[in-house]
Number of protein chains: 6
Amino acid sequence: MPLTPIEHADASPEVRAVYDDIMATRNVPDVNNFWKMTAHHPATLARTWESLKEVMAPGALDPLVKEMIFVAVSVTNGCAYCIRSHEAAARKLGMTDAQFGELLAVVGMANETNRLAHGYQVELDERLK
Amino acid sequence: MPLTPIEHADASPEVRAVYDDIMATRNVPDVNNFWKMTAHHPATLARTWESLKEVMAPGALDPLVKEMIFVAVSVTNGCAYCIRSHEAAARKLGMTDAQFGELLAVVGMANETNRLAHGYQVELDERLK
Amino acid sequence: MPLTPIEHADASPEVRAVYDDIMATRNVPDVNNFWKMTAHHPATLARTWESLKEVMAPGALDPLVKEMIFVAVSVTNGCAYCIRSHEAAARKLGMTDAQFGELLAVVGMANETNRLAHGYQVELDERLK
Amino acid sequence: MPLTPIEHADASPEVRAVYDDIMATRNVPDVNNFWKMTAHHPATLARTWESLKEVMAPGALDPLVKEMIFVAVSVTNGCAYCIRSHEAAARKLGMTDAQFGELLAVVGMANETNRLAHGYQVELDERLK
Amino acid sequence: MPLTPIEHADASPEVRAVYDDIMATRNVPDVNNFWKMTAHHPATLARTWESLKEVMAPGALDPLVKEMIFVAVSVTNGCAYCIRSHEAAARKLGMTDAQFGELLAVVGMANETNRLAHGYQVELDERLK
Amino acid sequence: MPLTPIEHADASPEVRAVYDDIMATRNVPDVNNFWKMTAHHPATLARTWESLKEVMAPGALDPLVKEMIFVAVSVTNGCAYCIRSHEAAARKLGMTDAQFGELLAVVGMANETNRLAHGYQVELDERLK
């Protein structure tokens, strides 16, 4: 019997505190299933949220670029949930259809040329060492 | 006996034309080993260069963002050659150490949360359907 | 029209013999869909079952540790079927929620640091050579 | 020009504090290149070390099992640096040649059956839902 | 709200021209959802179709071998859509159940031995250099 | 201190018997490092050799096609050792430069379109169900 999402009403105070911080930080009325499932291991929930909050915050890169990088990785790994949730996050931050199209085009090309580089066992150029 | 890079002087006119276009487009005195190896299959060389030129051109996303997405995919796939060559391209376009650091931090986090999403078999939220 | 599972009643004597050994070894009343699908290539069915039986048997590592390693690989590869079936096998062998949580936390971290090592192109320390 | 490891003597106080904690926690005279490279982004260094320390600590799983899971992921992803460094960590915790052999055998089998499950597009058994 | 397939009737002339070429080339009454989705970025649709048409055409390798290689990659990456659509294409070109079974057996073995090679960090033999 | 290859002269009778069978079957004067490393776990050596011998034998697919599928998987996974050794095996069986070029072109395209299918979250067409 697989695990099921832990709703706010059923959560321990420790888990509920993380949920509350997610909702306040993102200004949303509920947290995603991702958090309701990682809540089965409260230490992972807390650590992952703290890390994500730090890593995805505005910095030298703006949040939209960060979300697009997140989508690029998720597409490469074939994680459907992650693609959908971070595509949604990127769109909320202003990603247009044209930008999404170019993002996927780059991801596709990179996955292709990565394999050409592997397949031909290309050696590092002197100027790149 | 593995294949070795095909230098400009030894290339067929068909291959040389692609090399010349790469050098002119990028304003560089020579092409990378990646192209000198794919040149073993001239159709792949020509097609890949035309595709890359189109996909990486300025558009709805700026070239630096595209190069960073390229690095994100290459890091996820563990392609050392691709990481080095596209990190170099991104730095040439202005990527700072701080931006590179944030890029890798996002790539790391995405690879982690992709697996938490898989491991907990998280189901898509209604609002994401 | 995709392939469908081959049930015991419809199986050839060769396939049925493997099913019977799986059921006897695992003390279960039926075999999983994994076996009913690989049965479309009886040599693969027989070889895979013999290999799995040998590899997952108690040895220098106990079966629960082996099942958790199996889950770790399946999560990294994003194989939903494999995650569910080997999570179930691990739970049957006594894996607790806390152990599953720690397992996924390690898998997540390893996937993250693997990419940091790739991204920074970390060179092997002298003491590790 | 790729980044080079940041040695203790050249590190900022912030980075040095993390190095010192790693050396004290692990009772080693120096930190690995992994840390000397992630130090190029001090926030990543600090966050990754804190996370790793928490995740790899003794808990519901013992540290050797955790290191073996780490190796399993790293082998699946083909991260040479990570394989070597975590194989070394596991051996330090007592992993024998026989255990390492069985670990890799399980990792190999899991990667094989993951693809058979994908290839035959196996559907989840009722009893696993 | 995720993107939905763009049907022929709703497509721009640019997209419709690609659809028409796909239908004519493959002699089919409609295009797959893959094309109806990539159509959201017409440049990607056109480039991908032109590339695929060139790469999958009869050449030094016959089309069936090419489709089986396509399936092998898709199974390794766990792309369900790609497995199903290229398995169907291979069967249309004559792939038998026995051939499909052997294909998946090779894909499984390769994924296993790839990890044994990684896990044991096997160095290249002199004769392969 | 990493493991080193086990030479024939230093091998146990059990390992030596496998080496002898590999040399006889392939008509070669020595075995590859892959076998000399897996020999550290004799059961893995024996099982992997028996499996590989069975899977790669002539059958419904000819050995060259099987070797090319092996290369396709190894390129996708980025296993340098596996690419080199199976490229060599394929060339020994007659693979030409043109065939190798087309093989890599297909592998590249498949890795690209796999990600476009993931990125657009393409749903299975009715006719493929």
- Query: With (1) more than 14 Å from chain A (Cβ to nearest Cβ); (2) aliphatic (A, V, I, L, M); (3) more than 28 Å from E:Q99 (Cβ to Cβ); (4) surrounded by 16 or more Cβ atoms within 10 Å (Cβ to Cβ) as the list, and E:I22 as the residue in question, which single condition is left unmet?
  - Reply: (3)
- Message: Of all residues being without any contact (Cβ under 8 Å) to a residue 24 or more places away in the chain and more than 9 Å from every other protein chain (Cβ to nearest Cβ) in segment D:48-61, which is nearest to B:V106 (Cα to Cα)? Just the residue, please.
- Response: D:A57
- Message: Name the residue that is farthest from C:H118 (Cα to Cα), counting only residues in segment F:62-78 that are of a type in the set (A, V, I, L, M, F, W, C) and in contact (Cβ under 8 Å) with a residue 12 or more places away in the chain.
- Response: F:L64
- Residue list for segment F:79-100, filter: crowded, with 22+ Cβ neighbours inside 10 Å and either touching a residue at least 60 places away in the same chain (Cβ under 8 Å) or in contact with a Gly (Cβ under 9 Å, 6 or more places away or on another chain) (or both): F:C79, F:I83, F:E87, F:F100
- Item | All positions within segment C:93-115 that are among the polar types (S, T, N, Q) and closer than 26 Å to B:V75 by Cα | C:N111, C:T113, C:N114
- Any chance segment C:49-59 includes a residue that's at positive phi and polar (S, T, N, Q)? no
- Message: If a residue must be over 16 Å from A:S85 (Cα atoms), touching a Gly at 6+ places or on another chain (Cβ under 9 Å) and either free of Cβ contacts under 8 Å to residues at least 24 places away in the same chain or part of a loop (DSSP other than H, G, I, E, B) (or both), how many such residues does segment A:1-47 contain?
- Response: 4
- Out of all the residues in segment B:48-63, is one or more buried (at least 17 other Cβ atoms within 10 Å of the Cβ) and among the hydroxyl-bearing types (S, T, Y)? yes
- Task: Scan A:H8, A:H40 and give me the residue that is within 12 Å of chain C (Cβ to nearest Cβ) and over 18 Å from the mean Cα position of the chain (by Cα).
- Result: A:H40
- Task: Assess whether E:L52 counts as being at pLDDT 95 or above and either touching a strand residue (DSSP E or B) at 6+ places or on another chain (Cβ under 8 Å) or in a helix (DSSP H, G or I) (or both).
- Result: yes
- Go through segment B:65-111 and count every residue that is among the acidic types (D, E) and closer than 19 Å to B:N33 by Cβ. 2
- Output the residues belonging to segment A:11-37 that are under 15 Å from the mean Cα position of the chain (by Cα) and among the hydrophobic types (A, V, I, L, M, F, W, C). A:I22, A:V31, A:F34, A:W35
- Check segment F:76-98 and report whether any residue there is closer than 30 Å to E:L3 by Cβ and either modelled with pLDDT of 95 or more or of a type in the set (S, T, N, Q) (or both). yes
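The values are calculated or read from the model by the stated rules, or taken from the named source; none is laboratory data. Owing to the predicted nature of the structure, the values given are computational and were not obtained by experimental measurement. Heads up, the Cβs are rebuilt from the backbone with ideal geometry, glycines too, and the neighbour counts pull from every protein chain shown.
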